[in-house]
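Read through the structure below, which is laid out as structure tokens, and then see the notes.
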Amino acid sequence: MSDDSVIAADIVVSNMEVIPAYQKLFQDQAKEAKRLQRFEPSCSGLVLHLGVDCIYEQLAHHNFFYSDHPREHFDAVFHSNRLSNDPTIYLVAPVKSDASQAPAGCEIIKILPHIPHLNPDKPLSADDYAALRERVLIKLERMGLTDLRKHIVCEEYWTPIDIEQKYYSNQGSIYGVVADRFKNLGFKIPQRSKQFNNLYFVGGSVNPGGGMPMVTLSGQLVRDKILADLGK
Ligand SMILES: Cc1cc2nc3c(=O)[nH]c(=O)nc-3n(C[C@H](O)[C@H](O)[C@H](O)COP(=O)(O)OP(=O)(O)OC[C@H]3O[C@@H](n4cnc5c(N)ncnc54)[C@H](O)[C@@H]3O)c2cc1C
């Protein structure tokens with residue numbers, strides 16, 4: 001608890017990502033956190049939340065603007081820890097499903113290119129992220145969102161540093177950990193702790209993985225596991 005009080009419990013379910021939980025919440029667990037390093041953080045994202053004073057009729061609720069150079073893009077995100085010159089962009093326009101989300105004649109738009117998680121060995125600067133923001137907006141203008149930058153009336157902008165601070169995620173990851181067949185046989189972290197048999201984890205870093213449907217499923221699976229462990 002934030003006031004340092006202690007609540008005893010027979011079973012603890014943690015929604016914090018597993019590696020940060022071992023690093024930050026438990027004492028003397030540096031060894032276990034190190035053992036779990038074979039589970040690499042997933043990618044992160046540059047998040048732009050825009051309010052614009054126009055309607056882009058051509059947008060659907062969910063939209064993808066693909067990279068012309070997907071190999072270069074995936075290499076930048078997952079191998080060379082760079083910000084892609086030509087990223088694939090996920091864009092959400094919620095007004096298409098619910099007009100009450102913005103004033104008449106306006107839209108709110110969420111823009112999310114995937115980018116590398118934070119890597120202390122290959123740091124990226126605030127200027128690097130700002131340059132990517134500009135590349136993304138120019139690409140969207142080129143792909144049909146005419147004068148997008150001129151229509152922005154309000155903006156929220158998150159880098160992986162903000163994501164790490166906001167959600168305590170592992171190095172700014174947004175989908176938990178990577179399933180890597182060489183490092184972890186393609187599995188995520190198990191849902192029950194190996195150190196404490198009454199400690200369970202839910203969320204993006206445990207099986208079955210990140211994304212809203214999967215994390216919801218992880219909660220149901222952990223419920224079933226607890227009931228099975230209790231013999232119910
Ligand atoms: C910008 C962004 C866009 C995304 N877009 C999509 C999408 O379009 N579709 C999709 O399916 N998925 C998307 N995801 C992924 C999805 O949001 C995650 O996979 C999912 O939210 C993970 O759920 P979770 O319960 O593991 O963690 P979270 O949703 O992060 O919940 C964990 C909560 O625990 C809190 N917490 C952590 N540590 C502590 C602590 N010590 N004490 C108290 N509280 C703590 C955090 O603040 C957080 O609120 C996106 C993620 C991000 C960041």
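The values are calculated or read from the model by the stated rules, or taken from the named source; none is laboratory data. Keep in mind that this is a model prediction, so the values were computed, not measured. Virtual Cβ from ideal backbone geometry, glycine too; neighbours counted across all protein chains shown. For accessibility, only protein heavy atoms count, side chains too; no ligands or nucleic acids. Shrake-Rupley method; radii C 1.70, N 1.55, O 1.52, S 1.80 Å.
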Roughly speaking, what is the centre-to-centre gap between segment 85-160 and segment 10-32 when only Cα atoms are used, to the nearest Å?
-> 33 Å
Dipole-positive endmost among LEU132, PRO190, PHE74 within the chain (Cβ charges, Cα centre) = PRO190
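With every protein chain kept in the model, how would you rank ILE226, ILE189 by accessible area, 1.4 Å probe, largest at the top?
Ranked from most to least accessible, the order is ILE226, ILE189.
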Can you give the helix-only mean residue ellipticity at 222 nm for the chain, where every DSSP H stretch with n ≥ 4 adds -39500 (n - 2.57) and the sum goes over all residues, rounded to the nearest 500 deg cm²/dmol?
-> -9000 deg cm²/dmol
How much accessible area does HIS61 have with a 1.4 Å probe, in Å² rounded to the nearest 10?
-> 60 Å²
Directionally averaged shadow of segment 44-167, computed from the convex hull of its alpha-carbon atoms, nm² = 7.8 nm²
Along its principal axes, what span do the Cα atoms of segment 143-204 show, with the longest given first and each in whole Å?
-> 55, 26, 16
When ranked by the protection proxy of mean other Cβ atoms within 10 Å per residue, highest first, what sequence do the peptides 202-215, 131-144 form?
-> 202-215, 131-144
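Hey, what's segment 61-109 come to in accessible area per residue, 1.4 Å probe, Å²? If you can, show how the numbers build up before the last one.
Numbers: 2740 Å² over 49 residues.
Per-residue value: 56 Å².
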Dipole moment magnitude, nearest 20 debye, segment 98-210 about Cα centre, only Lys, Arg, Asp, Glu C-beta charged | 580 debye
Quick one: ranking TYR175, TYR129 by accessible area, 1.4 Å probe, largest first, what do you get?
-> TYR175, TYR129
Using the Kirkwood radius built from alpha carbon pairs, what does the Stokes-Einstein equation give as D for the chain at 37 °C and 0.692 mPa s, in µm² per second?
-> 166 µm²/s
Starting from the amide H of PHE187, placed 1.01 Å from N in the peptide plane, find each other amide H under 5 Å away whose residue is 5 or more places distant or on another chain.
-> ASP180
Extent along principal axes [Cα atoms of segment 104-160; Å; largest to smallest] = 46, 22, 17
Considering only protein heavy atoms and a 1.4 Å probe, what is the carbon-and-sulfur percentage of the accessible area of the chain?
-> 55 percent
Long-range alpha-carbon pairs in segment 1-89, meaning those over 21 Å apart, account in percent for 60 percent
If you put +1 on each Lys and Arg Cβ and -1 on each Asp and Glu Cβ, how big is the dipole of segment 44-167 around its Cα centre, in Debye rounded to 20?
-> 120 debye
